[in-house]
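To start, the structure itself, in structure tokens.
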Amino acid sequence: MTTISGKELAARVKERVKEQVAELKARGVVPCLAVILVGDNPASRVYVNGKEKDCIECGIESRVIRMPETTAQDELLREVRRCNEDASVHGLLVQLPLPEHIDERAVIEAIAPEKDVDGFTPVNVGRLVVGERCFVPCTPAGCMEMLRAAGVDPAGKRAVVLGRSNIVGKPMALLLTAANATVTLCHSRTGNLADVCREADILVAAVGKPRFVTAEMVKPGAVVIDVGINRLDTGKLCGDVDFESVSSKASAITPVPGGVGLMTRAMLLVNTLEAAQRSAAK
Ligand code: NDP
């Protein structure tokens, strides 16, 4: 059984980004990521700090725009538009979740598609569906990198994705389909879930439930990608997969922590670099 380490792979991806950022800088372009953070959700603060640290590590300029919890939707939309128009900003994201009084979709839709490094705007989602060049959401993009690194070619394989969220499950199913896997997308209303999972050569878990996938749900030799990040009462992090039992059945598995989460962070840097490269090529 192979453990597909996000740590080593993310370090390699970051090294590549760093080199290409240096090349861009030599041509007078400083790649810049703007992150808008509204309110003080503790988890969001941690994520945004991580993004800032990653950018600095790779030579990307990081601008964090902090706005209070009480920010009105119009004010936030104005800030988004300001970043859209600022030519020195290449990548722009609004950290989710937003406070309840703000319409998340309206804010996402205001982001200029060419700066949408999260890949959440309808334009990028649509391009992903029709197979055009686009910004791919970072988590599923990271999962695909992990499969590649493990030498897993999805072509002709049965893939099962657990979870149909817009940021993970749905784009993951699209990427696996584009890579010629035969994909089943499961959710809370799927019948005979364990039977469906047992058919998977590639099983991706993104349900948000600690240790939800057990060994009985896994086909011997399957490749298991664990997207889940759950905090247990003990304070420890664990995935959506019961690593201990499943690792004795799978041929390869990603760990939590040290797996998909690190790749998600790395892919944001890749997308930001690409946004800067595209803008420099104009
Ligand atoms: P959501 O809560 O948006 O979606 C969860 C999905 O799981 C839904 O589609 C839901 O179905 C499905 N689901 C829930 N219960 C069951 C069940 N019993 N059987 C089958 N399907 C079920 O979560 P996200 O996609 O945002 O995140 C999923 C997990 O991944 C979380 O643990 C999150 O923390 C983690 N995550 C990790 C990232 C990383 O970088 N590693 C990045 C983003 C998320 P339905 O649609 O029917 O409700």
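Derivation of every value follows stated rules applied to the coordinates shown; laboratory data play no part. Model, not experiment: these values are computed from the prediction. Here the Cβ is made from the backbone with ideal geometry for all residues, glycine too, and neighbour counts use every protein chain on show.
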Taking the reciprocal of mean 1/r across every pair of different Cα atoms in the chain, the Kirkwood radius in Å is 19.5
Rg in Å to one decimal, and Dmax rounded to a whole Å, for segment 70-109 via C-alpha atoms: 10.4, 31
The ³J(HN,Hα) series, computed from each phi in segment 205-218 with the Karplus coefficients 6.51, -1.76 and 1.60 at θ = phi - 60°, rounded to the nearest Hz and given as x for glycine or proline, is 9, 9, 10, x, 10, x, 6, 5, 8, 10, 4, 5, 8, 10
What number, in nm² with one decimal, is the all-direction average of the projected area of the convex hull of the alpha-carbon atoms of segment 36-142? 7.0
For the chain, what is the calculated [θ] at 222 nm in deg cm²/dmol (nearest 500), taking -39500 (n - 2.57) for each run of four or more DSSP H residues and dividing by its residue count? -13500 deg cm²/dmol
Qualifying trypsin sites (Lys or Arg not before Pro) in segment 177-216, DSSP loop, other Cβ atoms within 10 Å at most 16: Arg189
Whole-number D in µm² s⁻¹ for segment 138-261, Kirkwood Cα-pair radius fed into Stokes-Einstein, 25 °C, 0.890 mPa s: 175
Given 19-25, 220-226, the highest-first ranking by average Cβ count within 10 Å works out to 220-226, 19-25
At the level of C-alpha centres, the distance separating segment 101-140 and segment 173-193, in angstrom, is 21
Reported to two decimal places, what Rg/Rh ratio describes segment 185-255 when computed on Cα atoms with Rh from the Kirkwood expression? 0.96
